[in-house]
Amino acid sequence: MREDQAPFISRGDDSGTHKKELDLWKKAGIEPNGDWYIKTGQGMGATLQMADEKNSYTLTDEATFLAQKDKFDLVPVVEGDETLFNPYGIIKVKSTSNPELADKLISYFISPETQKVIGDFGKDQYGKGLFVPHAQKRQ
C-alpha cells in the first residue's frame, strides 16, 4: 500500500481491530502515516463504508464484513492467515466484587456447549461461523 500509495482506511479508534492493525504495520516495518493512511475514528461499519467509497484497503473482522458485505463492492484480499488471528478473551480481575459469579461466567463461556454455540453462530445466515471458539483453561 505504501509503495503504490493505495489508500488504507483505518478505524483509528484504539479498538481491538485497530490495535491488531497497528501490530501488523509494525511487523511489516511500515509507519502508517501520510495521505494514503486515513483514520475514520469510527466503528467497523463506517470504516467499511469509507473503504468502499474510496476504493481502498482496510482491516476488518470477518463477522462485520459478512454481516454487511451486500452493502459494498469490497472483496477480501487476505483471509485465514494466522497473523490475522485476533482473539476475544474473558478474564476475572482481582478487584471483582463477586469472584464466584465471575468464575461461573468464565466456566459458562469455556464450556464445550457454549464453545459450540460460539462456533456455530452465523452458520445458518452466512454459511460459516462468524467466530472461532478457542477456549483454553488456565494451567
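The values are calculated or read from the model by the stated rules, or taken from the named source; none is laboratory data. All figures in this text were calculated on a predicted structure; none of them were measured in a lab. No Cβ is skipped: glycine too gets one built from the backbone with ideal geometry, and neighbour counts run over all protein chains shown.
Here are some notes:
- Residue 20 vs. criteria touching a residue at least 40 places away in the same chain (Cβ under 8 Å), among the charged types (D, E, K, R) and in contact with a Leu (Cβ under 8 Å, 6 or more places away or on another chain): yes
- The residues of segment 7-35 that are over 18 Å from the mean Cα position of the chain (by Cα) and surrounded by 16 or more Cβ atoms within 10 Å (Cβ to Cβ), listed by number, are 7, 32.
- Scanning segment 104-123 for residues that are under 21 Å from the mean Cα position of the chain (by Cα) and among the charged types (D, E, K, R) gives 116, 120, 123.
- Residue 17 passes every criterion in (1) at pLDDT 95 or above; (2) under 28 Å from residue 127 (Cα atoms); (3) β-branched (Val, Ile, Thr) apart from (1).
- For segment 91-111, the condition holds for no residue, the condition being that it is surrounded by 10 or more Cβ atoms within 10 Å (Cβ to Cβ) and touching a His at 6+ places or on another chain (Cβ under 9 Å).
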